[in-house]
Structure formats: C-alpha cells, structure tokens
Amino acid sequence: MTKNELIKQPKISLIITFYNLGKYINDCVSSILNQTYQNFEIIIVNDNSNDENTKILNKIKDDKIKIIHLKENLGQLLAFCEGLKYSSGEFICLVDADDILLPSYLKTILLAHLENNFALISCGFGEINEKNEVTSFSNNKNNKKIKYDEIENLINGNDYFELKEVKAPFALWSWNTSTSSMFRKSALDILEYYPNKNYWKTGADKVIFSLLHLVGGSANISSINYLYRHHDKNNSKTTLSTGNKKFLSEEYVNKIIDWNKKIRIDTLKMFLNNKNELIEKYNKINYSKMFLRIIFCINLKICAKIIKTFAHRLIKF
C-alpha cells in the first residue's frame, strides 16, 4: 500500500455466519486476528446453533469481536444480512466459519480495491482438510500435504498480484465463487430488494457475487490468500477424485444449474417488482443495461413467461 492509503486505513467488517461449526471456529477466528492489516472488526452471527456449539462460540473473547445470537435458524443469506446491520466497515468480507484466511488476505485484497473500482474482488485459494493439511494449492507442484501454518513457505512473501476483470454476463458459475472475496459495503444495498432470501440456507455467496457483479463489476486477483476447508458438512462430499484430478459430481453440477436458474429468475423478478426504486438508485440507463444482461442470461421461454406474469408492472423506459 502507498503511504496515503495506509494513513486512511479504511475499516473492514468480516461477517462470519456460524451454524454448528464449533470444531473449526477457533482456527478461523485466529487466522483473522493474525492478519497483517489490523483495522477490522469481526461480526459472528450465530444462526441458532445448538447449545454445545454456542458454548464454544461464547468462549471466544477479543475486543474486535461482536457475537450476534439469532433466536431462530434463518439460513446463511439472512444471517449475513443480520450481520451487515451491525457492521461499520467500508468494506465487507463474508467468511465461512470453517475456513482459513492467510495473513496477507485483508491487506492484499484491500489494496486491489483501493487501486480499482469493482464492487467485489476475489482471490485465489487452496483447499484444506480436517487435519489442517493443505490438499490442493496451485504453488504446491509436488502435491505434498503440508500444514496451513507452513504455507507461507510456498508464497513469494510480497504484495505482487495480477488482477483480472470478470467478464461473465451475470451469474458467476464460470469462475471462483468461493467466499474468498471482499465487497464494497455501498454495493451491498442491492440485497435489500432481493426476494426469497430465506431460500439460501447455504450458498449465500452465490447470490451476493452475482448481484454485486451485476451492479458494480468484479475481479479476481492471482495471489492465494484463502483456504477452503473440505469436510462432511459442506459440498466437498460432491467432489469426486481420479488420481490427482478432482471434478464435480453430476449431482452437484445439476444442483449448480438449478441454483443459477434460481438466482437469475429471482433477480429478474426483483427488477420488475422494484423498477422505480432501482431506476432512482442506479439511473434509467444503468437499470436498462442490467435488466438486459439478466434477460439474455435466461432461457427465452422462462423469460417470456415471467414478463407476461409481470407485464402490468412494465413501463417504457
């Protein structure tokens, strides 16, 4: 970072959605507290976990941490929105309670944001198992399992990274859709209008990535600063292996297609139901561009059916 950018020290809010992942939460929180960039707050949203996991969570103490206990299980997207209400940062990160952020995560992605004007920026990531062994990592040429606290040996140790703008038309299934990203808080206002938030018990990042990519663009940086943990409670069980190669099962691919369709249809409905408000927020030209991008990503038969249903709401631009 430049001296002027370091003086500004924009605050970052990391929102952890927590549901019965007490086994991993301490490693996750520790990886955040050990960041090289320190102007941040951690907001943990306990999505009505059981008593055992809630006790584990309540033992975590630090001045940077705020824990929000929900009285009912809302699911990941609504839990994230609850955490957003308590956030005071200019930038927001959605963090899974079982994942690990490498020490330079915040500094590197923040620098990319300060040098560019995207709504979200994601980074490269590796995979980690329940033994804290890195099982997949692009710089690990020998495919050797190593402990995540040794991973700095595989990183250049500088702030260099390449940034690549994402060119996907709308939904982001064609690139890195992990939670390894940082959002501009101002861009997250679009979530207010998204319908059916309670549908997304998991996979909240898919909705957030897609909407923010739509309203403010997105990019991915080459450096690896994040580790995704595989275990029996996440989608890792749908990943198949053949030798050293991994690929998604047909079941999970079909699930991705269904999720993608859900996001696109819900977003189109959102633009039809809130036309005046969104035009006021983004102006008529930007509204029209976003609306067209959504339409051209949807099956024409489905699109025609939706437009017919909401035809009475359509007004000429």
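Please go through (1) touching a helix residue (DSSP H, G or I) at 6+ places or on another chain (Cβ under 8 Å); (2) not in a helix (DSSP H, G or I) for L57 and return the number of the only condition it doesn't satisfy.
The failed condition is (2).
Restricting the stretch 60-75 to residues that are within 23 Å of the chain's Cα centre (by Cα) and assigned to a loop (DSSP other than H, G, I, E, B), which is surrounded by the fewest Cβ atoms within 10 Å (Cβ to Cβ)? Even if it seems obvious, please write down each step before you answer.
Residues of the stretch 60-75 within 23 Å of the chain's Cα centre (by Cα): 64-70, 72-75.
Those left that are additionally assigned to a loop (DSSP other than H, G, I, E, B): 64, 70, 72-75.
Working: K64: 14, L70: 18, E72: 7, N73: 13, L74: 21, G75: 18.
Of everything passing the filter in the stretch 60-75, E72 is surrounded by the fewest Cβ atoms within 10 Å (Cβ to Cβ).
From F80, F125, F91, which residue is farther than 20 Å from L191 by Cα, buried (at least 20 other Cβ atoms within 10 Å of the Cβ), under 20 Å from the mean Cα position of the chain (by Cα) and of a type in the set (F, W, Y)?
Step by step, each of F80, F125, F91 is checked, and only F125 is farther than 20 Å from L191 by Cα, buried (at least 20 other Cβ atoms within 10 Å of the Cβ), under 20 Å from the mean Cα position of the chain (by Cα) and of a type in the set (F, W, Y).
Each row is one residue, and each column tells you yes or no for (1) modelled with pLDDT of 90 or more; (2) closer than 26 Å to G89 by Cα.
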position: P169; (1), (2): no, no
position: S181; (1), (2): yes, yes
position: A187; (1), (2): yes, yes
position: K197; (1), (2): yes, yes
position: K206; (1), (2): no, yes
position: A219; (1), (2): yes, yes
position: E250; (1), (2): no, no
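Assess whether L114 counts as being surrounded by fewer than 17 Cβ atoms within 10 Å (Cβ to Cβ) and of a type in the set (A, V, I, L, M, F, W, C).
Details: surrounded by fewer than 17 Cβ atoms within 10 Å (Cβ to Cβ): yes; of a type in the set (A, V, I, L, M, F, W, C): yes.
Criteria met by L114.
Given (1) surrounded by 21 or more Cβ atoms within 10 Å (Cβ to Cβ); (2) touching a helix residue (DSSP H, G or I) at 6+ places or on another chain (Cβ under 9 Å); (3) not aliphatic (A, V, I, L, M), identify the lone condition not met by T108.
Answer for T108: the failing condition is (2).
Can you tell me which condition T267 does not meet? The list is (1) within 18 Å of C81 (Cα to Cα); (2) at pLDDT below 85; (3) outside the structural domain of Y19 (by TED's automatic domain parsing), and all the others hold.
Failed condition: (2).
Given the structure, is L78 part of a loop (DSSP other than H, G, I, E, B), of a type in the set (A, V, I, L, M) and either at pLDDT 95 or above or in contact with a Lys or Arg (Cβ under 7 Å, 6 or more places away or on another chain) (or both)? Before the answer, list the steps.
On the way: part of a loop (DSSP other than H, G, I, E, B): no; of a type in the set (A, V, I, L, M): yes; either at pLDDT 95 or above or in contact with a Lys or Arg (Cβ under 7 Å, 6 or more places away or on another chain) (or both): yes.
Judged against the criteria, L78 is not a match.
The values are calculated or read from the model by the stated rules, or taken from the named source; none is laboratory data. Because the structure is predicted, anything quoted here is derived from the model rather than measured. We place every Cβ from the backbone using ideal geometry, glycine too, and count neighbours over all the protein chains shown.
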